[in-house]
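The values are calculated or read from the model by the stated rules, or taken from the named source; none is laboratory data. Bear in mind that the values here come from a model prediction, so they are computed numbers and not experimental data. With ideal geometry, Cβ positions are generated from the backbone for all residues, glycine too; neighbour counts draw on all protein chains shown.
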Amino acid sequence: MSKLSKDFLWGGAIAANQAEGAYLEDGKGLSLMDIATAGKKGVSRHFTKGVQEDVYYPNHEGIDFYHHYKEDLSLFQEMGFRCFRTSIAWTRIFPNGDEETPNEAGLAYYDDLFQDMLDKGMEPVVTISHYEMPLHLVQKYEGWANRKLIDFYLRFCEVIFKRYKGKVKYWMTFNEINSVILMPEIAGVLDRTKDDFQTRSYQAAHHQFVASAKAVAMGHQIDPENKIGCMVLTLVKYPLTAKPEDVMLAEQNMRKGTFAFTDIQVRGHYPAYVKKHVERLGIHVQIEPGDLEAMQQGCVDYIGFSYYSSSAATTDPNVEKTGGNMVSGVKNPYIPTSEWGWQIDALGLRYILNRFYERYEIPLFIVENGLGAYDQINEDGYIEDDYRIAYLREHIKEMKNAILEDGVDIIGYTPWGCIDLVSAGTGEMSKRYGFIYVDRDDEGKGTLERKKKKSFDWYRQVIASDGEIL
Ligand code: BGP
C-alpha cells in the first residue's frame, strides 16, 4: 500500500495580496504590493511613486477572493482539502503599520475566513507576512532596513496571535524569507544604485531574523498549541559535472541561497560560513544587545518551504543559463523547462526534503509547489490541464518516496495557487497554477467566474485515496 496517513494535510495555498483584491475596502491601507506589480513583465520597482492613474495594478482586484471566499472554500472542500494556506494582509489590520490600534473590520474579516475554513474541515495555515507590508512603512521608514519594523511587526503578530487563538495553529513568519537578500525591494529596501544598498539589505535580513524569532517565542507564549515555522524558497543546485570545483560551488550555492536561512531559523544562530560571507562583503550589520539571545530563543517548530524547480552550478562561465524563481542558474541538460524557463525536476523535491531532514530532523511542510502555465479553454468550456496533472503527479510521487522510503517527516502539501491568481513575478493572470480557473485576463477583463479544470477531479481523487491514486 502506498497511502499516506489520514492526518496528512493535503490542501492548497494562496496569498492575500495576489488573490483578495478589495485593496482599499473596510479600512485597508495601501500595501507595498498594491503598487509593486503593475501588470508589466517583472516586478515594477516604482515603489516610492504610489498609485499612478495611468497604470493598471492587477493586485487591486486580484480574483476578488475577499468577496468570493465562501464559494472558493466550498470548492476546496469539494476537493477534500484538509488545510488551506493563505496570508493575512498586514494593511487590513494596521493600514499604515505604525498605528497603535488595529482595524476591527480587518480582524473581523479573517475571523470569518478562518471560521469558514474550520466549518469546512480545513486547518488554516497562515503566513503572517507574504511579500507585503504597509506602503507607509516603506515610505516613512525605508522598510525592514529600519529597526523600528521589528516592533511594528511584533505588534501585528501579537494582535493576530491573540485574536485567532484556538482557530489558527499553523503559522509562518515570513514568506520566502530569502527574498530579503535576493530581492530586497520586497522588504521595502529601495534603490539599488545607492552604495549602501547591500548593507541595508543585510541589515533588513537581520531585523527579519530577530522579528521572526521574537514572533515564534511570543506565539508559543500566547498559545502553546501554536506551531510556528519559517518559510524559505528552496533553490536546489546540482553540480553540473563531477568536477570537484562544481561540486563545491553547488554546495556553496545551496548554503547561500537556502540553508543559511534555515540554519539561522532552525538552529537559532548565525553559522560560521554566514559570518565569513558577511566579513568578505566588508559590510557592517548592526546587532543590538539581546538580538542573538532572542534568535536563540525563537527557533522554529517546522520548515515551510516552496519548491518549483532546480538548476545547476559550474565554474565554467560559458554554459547556458536558465530562468527560475527570483534567481537564474545554469541549465541542467537532464531536465525539461516550463514555459517560463523554470526547470522541472520532481526528484529535486525528494532531494531537498532529504537534505532538510538529515540536517535538522524537524517536521517539514511543502507549502508551495506547482506549474505556472497558459491554460486553453476548449470548445466545451473545459480546461484539460494534463501538463499540470503530470507535474504534480511526479512531485507527489517523490514526496511519497521521501515519506515512505526515506522516513522524512512531512506535515502536509499545499500546491501553489490552487485557484488561479495574480502571478507574483509577472503580475499576470495568464500564468496560471490553479485546479480552479478564474475568468479574468491580464487586462483585468472577465466575469471572475470560477470553473473546475481537469486537475480538480484528479486532485480530489488523490486526496480521497490518501495519495494512493495518482
Ligand atoms: C513564490 C511566491 C508566491 C508565488 C510563487 C509563484 O515565490 O511565494 O507568491 O507567486 O512563487 O511565482 P510566480 O507567481 O512568479 O509564478
Odd one out for residue 343 among (1) buried (at least 22 other Cβ atoms within 10 Å of the Cβ); (2) at positive phi; (3) not charged (D, E, K, R) | (2)
May I ask you to list pairs of residues, at least six apart or on different chains, whose Cβ atoms are under 6 Å apart, with the first in region 20-46 being at pLDDT 95 or above and the second being among the aromatic types (Phe, Trp, Tyr)?
-> 20/65; 20/66; 21/66; 22/66
Mind checking which residues of region 430-466 are within 16 Å of the ligand (Cβ to nearest atom) and within 19 Å of residue 412 (Cβ to Cβ)?
-> 433, 434, 435
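Yes/no per residue for (1) in a loop (DSSP other than H, G, I, E, B); (2) out of contact with any Gly (no Cβ under 9 Å at 6 or more places or on another chain):
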position: 121; (1), (2): yes, no
position: 124; (1), (2): no, yes
position: 176; (1), (2): yes, yes
position: 190; (1), (2): yes, no
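Does residue 306 satisfy the condition of being within 16 Å of the ligand (Cβ to nearest atom) and touching a helix residue (DSSP H, G or I) at 6+ places or on another chain (Cβ under 8 Å)?
Values: within 16 Å of the ligand (Cβ to nearest atom): yes; touching a helix residue (DSSP H, G or I) at 6+ places or on another chain (Cβ under 8 Å): no.
Taking the combined requirement at face value, the residue does not satisfy it.
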Return yes or no: is residue 385 buried (at least 17 other Cβ atoms within 10 Å of the Cβ) and within 14 Å of the ligand (Cβ to nearest atom)?
-> no
Taking region 263-291 on its own, how many of its residues are out of contact with any Cys (no Cβ under 7 Å at 6 or more places or on another chain), part of a helix (DSSP H, G or I) and aliphatic (A, V, I, L, M)?
-> 5
Of all residues in region 150-176, how many are among the charged types (D, E, K, R) and within 16 Å of the ligand (Cβ to nearest atom)?
-> 1
Filter region 181-202 down to the residues that are aliphatic (A, V, I, L, M) and away from the ligand (no atom under 13 Å from the Cβ), then identify the one that is farthest from the chain's Cα centre (by Cα).
-> 190
Every residue from region 436-455 that is in contact with a Leu (Cβ under 8 Å, 6 or more places away or on another chain) and buried (at least 22 other Cβ atoms within 10 Å of the Cβ) | 436, 438, 440, 455
Residue 159 is checked against (1) modelled with pLDDT under 95; (2) closer than 24 Å to residue 229 by Cβ and fails just one. What number does that condition carry?
-> (1)
Starting from residues that are in contact with a Gly (Cβ under 9 Å, 6 or more places away or on another chain) and not in a loop (DSSP other than H, G, I, E, B), keep the ones in region 357-382 and report whichever is nearest to the ligand (Cβ to nearest atom).
-> 368
Would you mind telling me which numbered condition in (1) closer than 23 Å to residue 354 by Cβ; (2) crowded, with 18+ Cβ neighbours inside 10 Å; (3) in contact with a helix residue (DSSP H, G or I) (Cβ under 9 Å, 6 or more places away or on another chain) residue 273 fails?
-> (2)
From the list 369, 354, 318, which residue is modelled with pLDDT of 95 or more and surrounded by fewer than 19 Cβ atoms within 10 Å (Cβ to Cβ)?
-> 354
